[in-house]
Amino acid sequence: MLLDATGLVGGYASAEHIVKGVTLRADAGELVTVIGPNGAGKSTALKLVSGLLRPAEGQVRIAGEDLAGRSPQALARAGLGFVPQERNVFASLSVAENLEMGCLFEPRDAKARAAEAFRRFPILAEKRRALAGSLSGGQRQILAVAMALMGRPKALLLDEPTAGLSPAAAHELFAYIRGIAQDGLAILMVEQNALEALDRSDRAYVLVDGRNHLDGTASAVAGDPDIRRLFLGGRQSKPAHSKGEP
Amino acid sequence: MEIVLQALANGIVSGSLLAVPALGFSAIFAVLRYPNFAIGSLATVGAYAAWSANTAFGAPVLVAIGAGAAVAGLTGIALEAVALDRLGRGGPLMKAIGSLAAAMILENVVRFGFGNDLHAFDLPLARDVMVGPVRVGPQQLAGLAVALAVMAAVWAFLSLTSLGRSMRAVADNPDLARLKGVSPRLVSLVTVFVGAALCGIGGTLVGLDASLDPLVGGRILLSVFAAAVVGGLDSIPGAVAGAFLIGIAEEFTVLALAPAYRLAVSFAVIFLVLSFRPAGILGRAAR
């Protein structure tokens with residue numbers, strides 16, 4: 001398993017642990033969605049994996065190397081990318097400068113990587129000189145993902161990448177994310193838009209009250225009657241998109 | 001009309017001299033999130049180091065300015081590492097108070113070492129230059145040129161180097177910068193060195209324009225602070241804009257009032273600007 005976070009316990013300093021025992025795994029080429037009610041500890045779990053918060057217990061392995069408790073810089077250098085839900089771009093830097101920040105610790109072929117990002121995301125090429133703070137919500141999310149990809153990570157954590165986006169922009173971003181996973185990345189994605197996220201994903205975890213509640217293939221989780229009632233509003237997940245074709 | 005043009009020219013020159021330490025103050029505030037009131041004393045330390053290099057070792061003025069920048073930068077790092085960094089655990093207010101204490105200590109160390117007498121750089125005498133109806137001293141012109149060159153160098157450093165971009169990234173979003181592999185410790189130290197070195201250059205330019213005494217930096221502290229606040233505390237371009245605004249406002253004050261009222265006008269400008277733009281001319285809203 002490329003990304004293997006096992007038995008995580010932790011939270012914010014001076015507060016009760018929000019995450020009380022969570023295991024999240026994603027293999028190369030796999031898109032794994034994490035869903036759960038508000039306050040389940042989904043975003044906190046991602047922060048524990050990324051190193052922004054130090055786990056009180058548990059292991060975080062990337063390609064077999066245990067990195068739990070290491071700094072975010074160390075985890076980034078080991079191949080972990082993280083796109084937080086909010087404030088995930090440098091608003092006062094241009095789009096091009098944001099992309100350069102994405103491969104700071106490996107700047108040798110930064111220009112080639114930026115050209116690749118501009119090819120993959122043409123809207124960023126159009127706005128390359130614009131300040132990131134002037135972009136629309138959808139464009140910012142695309143920039144945040146593109147910046148994370150600049151470091152050529154082995155594994156990517158996405159915290160609610162479609163939050164605040166229009167349905168059309170969310171749909172487009174999900175397609176991008178699916179495409180990135182197909183390139184061989186292990187992607188762990190926390191998402192409120194559970195229906196479409198599960199539709200695009202290979203596997204899924206359901207967290208409740210800081211613990212694993214359920215996991216399995218995305219279609220099995222989407223088909224679970226309790227999960228449909230609790231998180232999907234009772235709607236039936238329809239396989240509208242082939243996972244292989246974003 | 002000639003008087004007005006002369007005041008404008010003087011304001012541009014003094015604004016450029018204020019802009020250099022104001023850049024240093026704003027850079028430190030933007031990255032380390034506390035107002036470092038030791039900048040005046042760091043300017044004094046830099047000015048005396050430059051004066052020593054010039055008069056004791058015969059260093060040309062530009063080399064002396066470099067020596068002043070280096071000594072002020074290293075003093076700033078020592079101050080941060082020995083005292084201010086530890087005070088940071090108590091929050092930005094504790095660091096600000098600590099920097100005030102450090103300012104007093106540094107000023108008196110300089111006084112102990114060099115005395116209270118006025119000192120002047122070893123410079124050739126030269127006539128003032130007439131630009132139309134405006135009279136400008138050769139040291140003022142040289143100071144303006146050096147200040148503009150330093151501002152251009154700071155811009156190039158922040159825009160074109162990865163270390164400069166990292167500084168701006170940490171100032172913008174420290175958590176995201178850590179996720180991108182930026183070392184906050186390294187960036188903080190570089191920022192303190194650059195900020196203190198800019199103060200050293202500013203103090204040296206003021207000393208070159210007039211003379212040196214242990215209060216040379218302390219006298220400009222409040223004007224530099226006013227410039228940074230007016231421009232927007234965490235904005236590098238704002239610091240430059242604020243410095244020129246304060247410099248010109250102070251010079252125009254002298255047309256109508258006694259020079260003692262200069263600072264009062266600086267702070268009146270703060271009230272005026274912040275009333276309409278609470279974050280300063282180019283600053284971002286408080287986070």
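Only the coordinates and a few stated rules stand behind these numbers; no lab work does. Please read these numbers as outputs of a predicted model, since none were measured by experiment. Note: ideal-geometry Cβ built from the backbone for every residue, glycine included; neighbour counts use all protein chains shown.
Quick notes on this structure:
- The overall shape of region A:96-182, judged from the alpha-carbon gyration tensor, is oblate: a/c is not under 1.5, and a/b is no greater than b/c.
- Scanning chain A for trypsin sites (Lys or Arg not before Pro) in DSSP loops with at most 14 neighbouring Cβ atoms within 10 Å leaves A:130-234 as the longest stretch between them.
- Sequence-separation-based contact order of region B:196-285, relative, with Cα cut under 8 Å and 6+ spacing, percent: 28 percent
- Per-residue Cβ neighbour counts within 10 Å put B:LEU123, B:LEU79, A:LEU93, B:LEU42 in the sequence B:LEU123, A:LEU93, B:LEU79, B:LEU42, beginning with the fewest.
- Average other protein chain Cβ within 10 Å of Cβ, residues A:87-99: 4
- Greater than 30 Å apart at Cα, pairs in A:LYS42/A:LYS127; A:LYS42/A:LYS154; A:LYS42/B:LYS95: A:LYS42/A:LYS127; A:LYS42/B:LYS95
- For region B:164-232 versus region A:42-110, the gap between their alpha-carbon centres in whole angstrom: 28 Å
- Cα-based shape type of region B:199-287, given that a ≥ b ≥ c are square roots of the gyration tensor eigenvalues and the cut on a/c is 1.5: oblate
- Rounded FRET efficiency, nearest 0.05, which uses the C-beta distance separating A:ARG108 from B:VAL254 and R0 of 60 Å: 0.60
- Among the GluC sites (Glu not before Pro) within region A:36-104, those in coil by DSSP and having at most 14 neighbouring Cβ atoms inside 10 Å are A:GLU86.
- Other residues lying with their Cβ under 12 Å from the Cβ of A:GLY184 contribute a combined charge of -1, Lys and Arg counting +1, Asp and Glu -1.
- Three-way shape label, region A:21-89, alpha-carbon gyration tensor, a/c 1.5: rounded
- If only the Cβ of Lys and Arg carry +1 and only the Cβ of Asp and Glu carry -1, the dipole of chain A around its Cα centre is close to 400 debye.
- Kirkwood-Stokes translational diffusion coefficient of region B:115-241, alpha-carbon pairs, 10 °C, 1.306 mPa s, µm²/s: 93 µm²/s
- Neighbour counts of C-beta atoms inside 10 Å place B:PHE57, A:PHE118 in the sequence B:PHE57, A:PHE118, starting with the fewest.
- As a rough footprinting exposure proxy, the listed residues A:TYR12, B:TYR48, B:TYR34, B:TYR261 were ranked by other beta carbons within 10 Å of their own, and the order from fewest upward is A:TYR12, B:TYR261, B:TYR34, B:TYR48.
- Partners for A:LYS20 among aspartates and glutamates (Cα-Cα distance below 16 Å; same-chain residues under 8 apart left out): A:GLU57, A:ASP209
- For the residues of B:159-169, the average number of beta carbons from a partner chain within 10 Å of their own beta carbon is 3.
- In summary, the convex hull built on the alpha carbon positions of chain A has an orientation-averaged projected area of 12.4 nm².
- For chain B, pairs of C-alpha atoms spaced more than 31 angstrom apart make up 24 percent of the total.
- Per-residue mean of foreign Cβ neighbours for A:101-107 is 5 (Cβ atoms of other chains, 10 Å radius).
- Region A:149-192 and region B:237-281 have Cα centres spaced 49 Å apart.
- Note on chain A: helix-only mean residue ellipticity at 222 nm, from DSSP H runs of 4+ residues weighted -39500 (n - 2.57) and normalised by residue number, equals -10000 deg cm²/dmol.
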